[in-house]
Structure formats: C-alpha cells, structure tokens
Amino acid sequence: MSYYDLDDILADGEKVPCRFNITVPGLGYLEGNPGKAIEKDTKIELPLWLAEILAVCELLEESQQSFIDLSDPEFINLNVLNAVKTSPINIDLHKLVPNYYKLIEKWCVMFNDKELIETIMIMLRERAFEINNFAGNSNKQINNEFLYTLDEFEKRLYKMTSESNKYMRKWLQD
C-alpha cells in the first residue's frame, strides 16, 4: 500500500463479508452492540484492511484457524465473474466498486487467485481497447455511456490516452 495513494486507501476501506470463527469479547461494537461480545458464526462486513488482518492472524500457533473466514465479496461473486467473461465492456465497474482494479489486486495478493487474475486481465484488455477508441475519437458527439461505467483506474487511463492523442494530433499538424 502506498501511504499517499488515495485509491489504495479507499480500496482498503471497502467492506467485505466475513464470518467470525470464535466469540470475541468486547468487539460487539462492530455490529452495533458496544460492550458486548461478537459471537461465533456472526456474519458481518468489515473494511478490507481489518478483515485481512483478522483473516491472517492465527488463534494458536498449532492451529490453522484464524479469527474470521472471508467470503467472496460482491465484486467477485459468480454473477459478476460470468458477466466479466461474457461481456466485459457492458459491466458498470464504477457502480459495482469505484476502485475495482485496486480491490482485485488486493484480493488476488491475499489469496493468490491466478484464475481471477487471468479473467480480470482479459477484461482489462478488452475495456482498454474500448477506452482507446473513445479517447481517440475527436468527435465530441459520441455516446459516452460507456465512460460512466469506468472505475477510477480506467478514468485515469482514458484521460492520459485522450491527452496523448491530442498531443499526437497537434504534433502531426506542425
């Protein structure tokens, strides 16, 4: 994590579903019950930064059990991944999660999910091609619905590509 990267900070704050493996005294405030324990098998959404720590910490050195088990969040559930594989250009990543690629990056680092990485890389290639088409179009009357579906990384990519195309056209005219 980069200390000054706002996208990284926002991605760490996204909530992910998890389930507690043990009863933990004093953590009831996480579910709105201050001063009480959070019970075993309680399902709750926690910020990614906290869920990651609790999922990695083992209760005892001899056991492999951690404080929580993470469930697949909405941004990688089966429906979303099927949509990614079927038609990646039609997915509204911004509505799903504004920092989609940053979250995927963090999730894949935590779980070393090579299949997910491959799926998302294919989606990024197809969407980048479409972003390039929009950025290279000097006609301002284009249908820009696709641009509203971009996540924050893709928005920066669009802006850089658009500026590069503008400078290239200017250079070619000189």
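The values are calculated or read from the model by the stated rules, or taken from the named source; none is laboratory data. Here the structure is a predicted model, which is why all the values come from computation and not from measurement. Virtual Cβ from ideal backbone geometry, glycine too; neighbours counted across all protein chains shown.
Taking the stated definitions as given, is residue 81 surrounded by 14 or more Cβ atoms within 10 Å (Cβ to Cβ), in contact with a Ser or Thr (Cβ under 8 Å, 6 or more places away or on another chain) and under 29 Å from residue 145 (Cα atoms)? Yes, satisfied.
Cβ-Cβ distances below 9 Å connect the following pairs, each with a first residue in the range 96-114 that is at pLDDT below 90, a second residue that is crowded, with 16+ Cβ neighbours inside 10 Å and part of a helix (DSSP H, G or I), and a separation of six or more residues or different chains: 110/48; 110/52; 110/55; 113/76; 113/107. Tell me, yes or no, whether the range 78-91 has at least one residue that is in contact with a Cys (Cβ under 9 Å, 6 or more places away or on another chain), outside the structural domain of residue 17 (by TED's automatic domain parsing), part of a helix (DSSP H, G or I) and of a type in the set (Lys, Arg). Taking every residue of the range 78-91 in turn, none turns out to be in contact with a Cys (Cβ under 9 Å, 6 or more places away or on another chain), outside the structural domain of residue 17 (by TED's automatic domain parsing), part of a helix (DSSP H, G or I) and of a type in the set (Lys, Arg).
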